[in-house]
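Here's the structure, in structure tokens; my notes come after.
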Amino acid sequence: MTTRSILAATTALALSAFTLAGAQGDRKAATAEVKDAQGKVVATAKFKQVKGGVQLAVKATGLPAGSHAIHVHTVGKCEGPGFTTAGGHFNPAHKQHGIMNPEGHHAGDMPNFTINAKGAGTFKTIIQGITLVGDGETSLFHAGGTALVIHEKADDMKSDPAGNAGARLACGVVQ
């Protein structure tokens, strides 16, 4: 192998590593397959980087009718049946819980969403103060990852730490 071919191979390897690192650090979208305690997919979530935050769109089926809390949790781990492995709400700014909290709220706090009598529902919101880019503390891809959790009841939007939303019905790791 000549010096020229070694240099060319080294340059190609360095460029491919740089491109891969850039692609992983500059995510524009992510997904989560949200499963219940029996491992059945009950919702699909799509995350999209937008100006000022991350847009979340959820399509759910097979959940109990009514209003449910939905939160981003701080650990990308979803072990049933209680999904406590997902940790608490994603809260890189160390705020109190609840969208109605005058001092600010967890980044993972969102409005409630409704499931109809047939067990289906959709939800769309922009989550401010978070990103898909990189792996810093506001990124959904920080060390340990994050999860999307659907709770059994509605969030009261003010009680700390979780809005009296009840048990965790389903969980999906953000990927």
What are the residues whose amide H is under 5 Å from the amide H of A170, where those residues sit 5 or more places off or on another chain and H is modelled from the backbone? I150
Distance cut-off 20 Å, Cα to Cα: go down the list K59/K153; K28/K77; K40/K77; K35/K59; K124/K153; K59/K124 and report the pairs above it. K28/K77
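Ranked from highest to lowest mean number of other Cβ atoms within 10 Å per residue, what is the order of the peptides 165-172, 38-45?
Details: 165-172: 21.9, 38-45: 15.9.
Output ranking for 165-172, 38-45: 165-172, 38-45.
Bear in mind these aren't lab numbers, they're just calculated from the coordinates by the rules spelled out. None of the values given here were measured: they were computed from a predicted structure. Glycine also receives a Cβ, built like all others from the backbone with ideal geometry; neighbour counts cover every protein chain displayed.
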